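These notes are about the structure you will find just below.
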Amino acid sequence: MIGLPPFTDAGLLPPADYTLTLDELRASVLVEGPMPPPENSHWDGGWRRKLVDNLGVMVSQLWQVGITEIFINGSFVEDKDHPNDIDGYFVCDLRRLASGDLERQLNLLDPHKVWTWDPTTRRPYRGYPKKQLPMWHQYRVELYPHVGQLSGIQDKHGHELEFPSAFRQSRRDGQPKGIIKIGGHP
């Protein structure tokens, strides 16, 4: 198992930036589960592996268009038996994003044409209160472009955060937590 520290008592990855390749991520506590497993654990390693495999498809596409700073977080990096998805962001150039060039290049690579952040493309999914992007429906992964904009996520004082800050805290109570940077770009 890859050497990530154990989850905190609050069930979070301890605050830090951890760089892992996709293979290291698959072999980490985030997929394999805490050792020894806690009592009453129903850790769904198979589901977590599937999420990482899906993430791998999207990361490969980002690498092919020159995006190398990719970060993941959300409930996937928490002590949660069955996270709904993987959330993340990647750093990109504003002009490339605003021109539509990045989205166009990514959709040329993806057979399902899921790369869009247009709110009108969000669709409902049974049992979920919010509508989801096409990438979520296909891969159960949501990766957002970061160009220095605010994320829509607020801190405990009500201030909107940029992705780097927002993804380094728990959404339920604002506690700091770790984040995974995807390394190993070919």
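Quick note: the coordinates plus some simple rules give every number you see, no bench work behind them. Not measured: the values here are computed from a predicted model. All Cβ positions, even for glycine, are placed from backbone atoms using ideal geometry, and neighbour counts span all protein chains on display.
Taking the number of other C-beta atoms within 10 Å as the exposure measure, put Asp53, Asp9 in order starting with the fewest. Please report the intermediate quantities before stating the final value.
Values: Asp53 12, Asp9 7.
Starting with the residue having the fewest Cβ neighbours, the order is Asp9, Asp53.
Only four residue types carry charge here, +1 at the Cβ of Lys and Arg and -1 at the Cβ of Asp and Glu. Report the dipole size of region 1-138 about the Cα centre in Debye, rounded to the nearest 20.
Working: 14 positive and 19 negative charges, 151 e Å.
That gives a dipole near 720 debye.
Just want the ordering: Ser28, Ser170, Ser60, from fewest to most Cβ atoms lying within 10 Å of their own Cβ. If you can, show how the numbers build up before the last one.
Values: Ser28 21, Ser170 17, Ser60 14.
Fewest-to-most ranking of Ser28, Ser170, Ser60: Ser60, Ser170, Ser28.
How big is the dipole moment of region 121-186 about its Cα centre under a simple scheme where the beta carbon of each Lys and Arg is +1, that of each Asp and Glu is -1, and everything else is neutral? Debye, nearest 20, please.
Values: 12 positive and 5 negative charges, 79 e Å.
About 380 debye.
Please report how far the C-alpha centroid of region 136-186 lies from that of region 44-81, rounded to the nearest whole angstrom.
If we compute the Cα centre of each part, the gap is 13 Å.
Give me Arg126, Arg48 sorted ascending by neighbouring Cβ count inside 10 Å, so fewest comes first. Provide the component values of the computation, followed by the final result.
Numbers: Arg126 4, Arg48 23.
Least to most surrounded, the residues fall as Arg126, Arg48.
Nearest 10 degrees is fine. How inclined is helix 45-64 to the longest principal axis of the chain, computing both from alpha carbons?
So the inclination is approximately 30 degrees.
Could you state the per residue volume, in Å³, of the convex hull enclosing the Cα atoms of region 78-139?
Numbers: hull volume 7.3 nm³, N = 62.
Dividing the Cα hull volume of region 78-139 by its residues yields 118 Å³.
Counting each DSSP H run of 4 or more residues in the chain as -39500 (n - 2.57), what helix-only mean residue ellipticity at 222 nm follows after dividing by all residues, to the nearest 500 deg cm²/dmol?
Details: 7 runs with 53 residues, N = 186.
Calculated at 222 nm, the ellipticity per residue is -7500 deg cm²/dmol.
In Å, the Kirkwood hydrodynamic radius of the chain over pairs of distinct alpha carbons? All intermediate terms of the calculation are to be shown ahead of the outcome.
Numbers: mean 1/r = 0.0585 Å⁻¹.
Answer for the chain: a Kirkwood hydrodynamic radius of 17.1 Å.
Determine the percent antiparallel among the DSSP beta bridges restricted to region 69-186, to the nearest 5.
Working: 10 of 16 bridges.
Beta bridges within region 69-186, antiparallel portion: roughly 60 percent.
Provide the FRET efficiency to the nearest 0.05 for the Asp9-Val65 pair, computing r from the beta carbons and using R0 = 30 Å. Walk me through the intermediate numbers first.
On the way: r = 41 Å, r/R0 = 1.35.
Efficiency computed from Cβ-Cβ geometry: 0.15.
Would you mind computing, in nm to one decimal, how far apart the modelled labels at Ser99 and Ser41 are, each placed 7 Å from Cα along Cα→Cβ?
4.9
Just order 70-79, 171-180, 153-162 by mean Cβ neighbour count inside 10 Å, highest at the front, would you? Write out the running numbers ahead of the final one.
Numbers: 70-79: 21.4, 171-180: 16.3, 153-162: 11.4.
For the peptides 70-79, 171-180, 153-162, the packing ranking is 70-79, 171-180, 153-162.
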